[in-house]
Number of protein chains: 2
Amino acid sequence: MVCPVTKIISAIKQPTRKQRELLQREELIMDTAQAMVYEHGYGHLSMDRVAEATEYSKGTIYNHFSSKEDLVCSLCCRSIKNLIDIFERAYQYEGSTRERYSAIGIGYSLYNQLHAMDAQNIQTVKNNAVREKVSEEKLVEMESLEHNINKIAQSIVQEAIDCGDLDKKHQDNVGTIVFGCWSMHYGAMLLDQSDMPLNKLGFSPVVNMLWENSNIYLDGYQWQPLSKDTDSKKLFNEISSALFDDEIALLKQSS
Amino acid sequence: MVCPVTKIISAIKQPTRKQRELLQREELIMDTAQAMVYEHGYGHLSMDRVAEATEYSKGTIYNHFSSKEDLVCSLCCRSIKNLIDIFERAYQYEGSTRERYSAIGIGYSLYNQLHAMDAQNIQTVKNNAVREKVSEEKLVEMESLEHNINKIAQSIVQEAIDCGDLDKKHQDNVGTIVFGCWSMHYGAMLLDQSDMPLNKLGFSPVVNMLWENSNIYLDGYQWQPLSKDTDSKKLFNEISSALFDDEIALLKQSS
DNA sequence: GAATAATATGACGAAACGTCAAAAAATGTC
DNA sequence: GACATTTTTTGACGTTTCGTCATATTATTC
């Protein structure tokens, strides 16, 4: 159940050559696994295949990841780190609190469209039968990452309250507001996944519905400036191109 | 890949003795599988164990369900049928369109709290790796059920528009509105599932957040009467006890 | 350069899936 | 009721994959 290598790696400050090699190999294993999932689906991912593809033995793979599920969870952690990066970019956006919060939602949609498999991995790990087999350490890591990403969203809501864009009466509802958007986006992403056929060029129709719905929702909280007093279509495009130009390009290219 | 027995059963109008026996056995298998998941988790469900517990051979089980995933999907279909029943009760509720629509949400929350494992099964089947192994027929059945349940929600929205509770300008957004609530509830349910520790007596805190959020959301659509002009806490209790008294009792009892 | 510690390997046992030839039961025919 | 034919059931079998562990290999220390 314990991963000797992981334990060593996690305690690193200034990595030695040896440790760099281990880290590098860990990356290689993860990249290989990810490619496998991307190309042939989750069902085709097996430890034996990963071992063969990386040209290491199975035992070595197990030195890095205590189980197949642990490996998938590691992929999730990497995805969440990518999401954190996106959330941070949204946080830095020069605009109203409302716009910055919306930017998070757009970034989230974008990421999930670009990396549908990542979303699928996260969904896989959320499943209790899978979760059970993930090592304690890795679960802790994931929870910590999820906590951090949540924090970013919460701070924007808090700032909105502080500057008056959101009424002070919502002070105790910061969690609820974030939870609302989170669940809506999370649910939409998962529902979208089952209906894969609808992937047209650019954003999927689900993204548009989601954008409308989140605006309605935030208007419901009277978060200023209201979307009904704004050109929300235009805002969507502005935010997309200001923050996520590279991703948009990729999206257009891949369709 | 084909299930001989299922094929026979599905074409039944007036079941003969033989067919009744097959149906009955199918129920037995499903009940056994469900109990297994409930008691020891999804990971403990195996076809061999089901065969042993039902005292039929594995081959016979496979005559009914073409794969383990097919069996789980059948459990999902049963859950969705239960949900349809709940949605229909909500549809019949004597109250404003807004209240009836809210009743759906409450029923959904309730069902998922009472049958957390059902929700987990649905989540499992949504996963592509699992979905791939479900027989075509079963997938069609599930999609049809999902379509029906969606229809119930959509008709309430439509009625709201027709009677003026919802502005006519939303005529083209019926799908979007239902999708919004659906994704929010679906996402909330899944997020709730990962945080199992928070199951206090009665409704989980997530249900409260969800209730608040859906009200805000529907207020955003200006769906009359607005929750901010109503005692929404009271409404929640009224709907719960009017429609879901039995379920509430079960919920209190199980905590 | 030898002794010791760390790491890598792949053969192995266990668990589970799904199949299929043969056995058993049910049904039909005379 | 006896025999033939069809349907259904059975469980042994082949296959895949998991995760382990004794052994082999490599690295490090003295």
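The values are calculated or read from the model by the stated rules, or taken from the named source; none is laboratory data. Every value quoted in this text rests on a predicted model; they were computed, and no experiment measured them. Neighbour counts are summed over all protein chains in view; Cβ atoms, including those assigned to glycine, are modelled from backbone coordinates with ideal geometry. We work out accessible area using only protein heavy atoms, side chains counted, and drop any ligands, DNA or RNA first. Shrake-Rupley method; radii C 1.70, N 1.55, O 1.52, S 1.80 Å.
Kirkwood hydrodynamic radius (Cα pairs, Å) of the stretch B:117-229?
On the way: mean 1/r = 0.0614 Å⁻¹.
Every distinct Cα pair counted, the radius reaches 16.3 Å.
For peptide A:39-47, compute the average count of partner chain beta-carbon atoms within 10 Å of each residue's beta-carbon. Please report the intermediate quantities before stating the final value.
Numbers: counts 0, 0, 3, 5, 7, 1, 1, 0, 0.
The per-residue average across the peptide is 2.
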Cβ-vector label at 7 Å, residue B:88, separations to other copies in nm: 5.4
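Averaged over B:217-226, how many beta carbons belonging to a partner chain fall within 10 Å of each residue's beta carbon? Walk me through the intermediate numbers first.
Details: counts 10, 3, 6, 13, 5, 4, 0, 0, 0, 1.
That average works out to 4.
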Rg(Cα) / (2.2 N^0.38 Å) computed for the stretch A:81-166, rounded to two decimals: 1.26
Pairwise burial B:A, computed as accessible area of each alone minus the pair, summed, 1.4 Å, Å²: 3200 Å²
Area accessible to solvent at residue A:117, 1.4 Å probe radius, in Å²: 50 Å²
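Output the direction-averaged projected area (hull surface divided by four) of the convex hull of the alpha-carbon atoms of the protein assembly as shown, in nm².
Here the figure is 26.8 nm², rounded to one decimal.
So what's the net charge close to residue B:73: Lys and Arg +1, Asp and Glu -1, counting the other residues with Cβ under 15 Å from its Cβ? Present the calculation step by step, with values, prior to reporting the outcome.
Details: positive: B:68, B:78, B:81, B:126, B:131, B:133, B:138; negative: B:26, B:69, B:70, B:118, B:132, B:136, B:137, B:141, B:143, B:146.
Net of charged neighbours comes to -3.
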Net +/- balance of residues flanking residue B:148 in space, Cβ distance below 13 Å, scoring K and R +1, D and E -1: -3
7 Å along Cα→Cβ, label-point gaps from residue A:46 to other copies, nm, shortest first: 1.7
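Please identify the chymotrypsin sites (Phe, Trp or Tyr not before Pro) of the stretch B:75-128 that satisfy two criteria: DSSP loop assignment and at most 10 other Cβ atoms within 10 Å. Which are they? List each step's numbers first, then the result.
Values: sites: B:87, B:91, B:93, B:101, B:108, B:111; in loops: B:93.
Filter output for the stretch B:75-128: empty list.
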Principal axis dimensions, largest first and in whole angstrom, of chain A by Cα: 61, 39, 34
10 Å Cβ neighbours from other chains, averaged over peptide A:163-176: 1
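For Cα pairs less than 8 Å apart in space and 6+ apart in sequence, what is the mean separation divided by the residue count of chain B, i.e. the relative contact order in percent? Don't skip to the answer; put the middle values down first.
Values: 227 pairs, mean separation 50.8, N = 255.
Computed over chain B, the figure is 20 percent.
Under 13 Å from the Cβ of residue B:242, count the other residues' Cβ atoms, weight Lys and Arg +1, Asp and Glu -1, and hand me the total. Before the final figure, lay out the partial values.
Details: positive: B:89, B:100, B:234; negative: B:94, B:99, B:238, B:245, B:246, B:247.
Neighbourhood net charge equals -3.
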Crossing angle, helix B:205-220 versus chain B [Cα axis fit, 0-90 degrees, rounded to tens]: 50 degrees
Fraction of accessible area attributable to carbon and sulfur, the stretch A:76-254 (%, probe 1.4 Å): 51 percent
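For a quick protection proxy, order the peptides B:229-236, A:127-134 by their average other-Cβ count within 10 Å, most packed first. Display every interim value, and only then the final one.
On the way: B:229-236: 14.1, A:127-134: 17.9.
Averaged packing, sorted descending, gives the order A:127-134, B:229-236.
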Nearest 10 degrees, 0 to 90: helix B:116-126 Cα axis against chain B principal axis: 80 degrees
Label spacing, shortest first and in nm, from residue B:208 to its equivalents in the remaining copies (7 angstrom along Cα→Cβ): 3.9
For the stretch A:92-127 versus the stretch A:62-77, the gap between their alpha-carbon centres in whole angstrom: 23 Å
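State whether the stretch B:137-182 is rounded, prolate or oblate according to the following rule on the C-alpha gyration tensor (a ≥ b ≥ c being the square roots of its eigenvalues): a/c under 1.5 gives rounded; otherwise a/b larger than b/c gives prolate, and the remaining case gives oblate.
Details: a/c = 3.71, a/b = 2.69, b/c = 1.38.
Here the stretch B:137-182 falls in the prolate category.
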Helix B:68-92 vs. chain B, principal-axis angle (Cα, 0 to 90°, nearest 10): 30 degrees
